[in-house]
Amino acid sequence: MGTHISRTVAEGLAFMNFIGGRQVDSASGRRIDVASPSDGRVFASIPESAAEDVDRAVRSAARAFEEGPWSRMPAVERGRCLTRLGLLIEKHGDELAALESRDTGKPIRQGRADVVATMRYYEFYGGAGDKIHGDTIPFLPGYTALTLREPHGVVAGIIPWNYPMQILARVAGAALAMGNTLVVKPAEDASLTTIRIAELAHEAGVPEGVFNVITGYGRDAGAALSAHPAVDYVTFTGSTLTGTAIQQAAAVNNRGVTMELGGKSPQIVFSDADLDAAMPVLVNAIIQNGGQTCSAGSRILVQREVYATVAAGLAERFSKLVAGPHDADLDLGPLINRRQQERVAGMVAAAEEAGIEALARGSVAADAPSGGYYFAPALFGSVDPAKAIAQEEVFGPVLAVTPFDDEADAIRIANGTDFGLVAGVWTRDGGRQHRVAKRVRAGQVFVNGYGAGGGIELPFGGFKKSGHGREKGFEALYDMSATKTIVFNHG
Ligand code: NAI
Ligand code: MG
């Protein structure tokens, strides 16, 4: 499998790009240090790729698409490759969970949960690709019209650092199942499992050039990839600002895009809700992955009659939360890097200065390494929904609780941000469950539950600034393909 560079050394692991089925360094030979967020210490390095490397990867993917066999293979055979990849991921599960956890700082049990979800994506798309088909359309007399679902060609996937393995899997699973070839640019802060999974895909029988990975900074490698004229479709998960830049770059070539851009997702708790069932879910939805989840439940709207009870219950739980290194497996790990730590701290300090009521604070483990990027969870109460802490994505363990009066008030506040990704509704009233679920502007609504991450089978994506296009589930196969209509005039 290409030239193996000394990745077996325990410290200073040198990871490579994966292009055309081979490990290759960047043309410049420049590298980016990889530090563990748990202690800030460098333990590996990745290539700092630039436009030249991107071009090489895109040409490799374009050649693989044109020459086949991937794009012309029966869908069932492509599916078998993806299924085998899922099994290899399961087999290498401990290695992948440890690598992801070390690279991102997430607690090791979250790394393991990510492996299970990743495996499920390849299992799901391995079985789904041969179930998608076109239509025949009643047309004029003497004609037969039918549609085919065809791959776009070269799909570029720009992946964030919060759930690298899972987000890669939802992109790669759907794109590859439909016969596209792939160039992936993982985040500079979390590229390691992406490289490893490309290698495993090769081992599972995905042909050379079909699954390419180039690492590097967004402003160089990411920008060059989204603007490359031989890329046929771009899919991106990350910040709204970067999403705009990528759409503008892809627009120069008039290419299609899928954009998953985060949110400010509310959970609405009515006075008749089962509060015992809700409470742990309300906390977990913002604490999972340190709050660095696009679908994090970062706002709680509580009906005034139960506001004091819910606020007190949340405060009690928040005060017990402890952040620590990934291998200590506490409630949450560190944040991804110093910049995110400073950003979150700045937003919390601004909320405190604005006089917003601080209800509780978690803590950082006393023995957590001082070089790590820790942030103690923060809970704010009686938050005016117009304030920044209730409007902007914090991407950290920070929860804003706001009281409301009635159903109309709840819907108004829930819909009163620029985002629309996920919502939770807690009530025993069946009519209200349906009414609120329909009126909340969000790509997913959970009633008496909340699902941040996971949900492989469930279409996922945003309204408003949360983006457009849908990933996950069967629906992603439509985004990752285009309809071709063929008309026969047979008289
Ligand atoms: P980002 O959106 O800039 O980074 C995500 C990916 O985009 C990375 O692979 C990065 O290299 C790439 N990228 C950056 N600039 C690019 C460009 N001009 N062209 C092409 N690719 C580019 O996110 P960042 O700066 O790491 O985090 C900032 C904020 O973004 C977070 O605080 C959070 O609010 C949000 N975010 C949301 C995520 C989500 O899951 N929705 C994931 C990561 C960040
Ligand atoms: Mg890292």
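Points to keep in mind about this one:
- Each residue in region 13-68 was checked for being in a loop (DSSP other than H, G, I, E, B), touching a helix residue (DSSP H, G or I) at 6+ places or on another chain (Cβ under 6 Å) and more than 16 Å from ligand 1 (Cβ to nearest atom), and 5 of them qualify.
- Cβ separations smaller than 8 Å between residues 6+ apart or across chains give the following pairs from region 241-265 residues that are without any contact (Cβ under 8 Å) to a residue 60 or more places away in the chain to residues that are surrounded by 23 or more Cβ atoms within 10 Å (Cβ to Cβ) and of a type in the set (S, T, N, Q): Ala245/Ser226; Ala249/Ser226; Ala250/Ser226.
- Failed condition for Ile137, given (1) open to solvent by 10 Å² or more (accessible area, probe 1.4 Å); (2) under 22 Å from Glu457 (Cα atoms): (2)
- Selected residue [surrounded by 20 or more Cβ atoms within 10 Å (Cβ to Cβ) and in a helix (DSSP H, G or I)] from Ala390, Ala360, Ala350: Ala390
- Residue within region 40-57 that is more than 27 Å from Ser370 (Cα to Cα) and free of Cβ contacts under 8 Å to residues at least 12 places away in the same chain present: no
- Selection of helices (runs of 4 or more DSSP H) fully inside region 228-339 by the criterion of at least 2 residues being surrounded by 18 or more Cβ atoms within 10 Å (Cβ to Cβ) and not assigned by TED's automatic domain parsing to the domain that holds Val447 returns 240-251.
- Residues of region 87-109 satisfying the condition of being open to solvent by 30 Å² or more (accessible area, probe 1.4 Å) and under 26 Å from Glu475 (Cα atoms): Leu87, Glu90
- Those strands (runs of 3 or more DSSP E) of region 110-187 in which 1 or more residues are within 20 Å of the chain's Cα centre (by Cα) occupy 154-158, 181-185.
- Every residue from region 125-134 that is out of contact with any Gly (no Cβ under 7 Å at 6 or more places or on another chain) and not basic (Lys, Arg): Ala128, Ile132, His133, Gly134
- Filtering Ala128, Ala177 for residues that are hydrophobic (A, V, I, L, M, F, W, C), more than 16 Å from ligand 1 (Cβ to nearest atom) and surrounded by fewer than 24 Cβ atoms within 10 Å (Cβ to Cβ) leaves a single hit, Ala128.
- Residue count for region 251-265, restricted to those that are more than 10 Å from ligand 1 (Cβ to nearest atom) and of a type outside the set (Lys, Arg): 8
- Verdict on Leu225 being touching a residue at least 12 places away in the same chain (Cβ under 8 Å), within 17 Å of Pro164 (Cα to Cα) and away from ligand 2 (no atom under 16 Å from the Cβ): no
The values are calculated or read from the model by the stated rules, or taken from the named source; none is laboratory data. These numbers come from a predicted model, not from an experiment. Cβ coordinates were reconstructed from backbone atoms using ideal geometry, including for glycine residues, and neighbour counts include every protein chain displayed. For the accessible areas, the whole protein counts, side chains as well, though only heavy atoms, and no ligand, DNA or RNA atoms are used. Shrake-Rupley method; radii C 1.70, N 1.55, O 1.52, S 1.80 Å.
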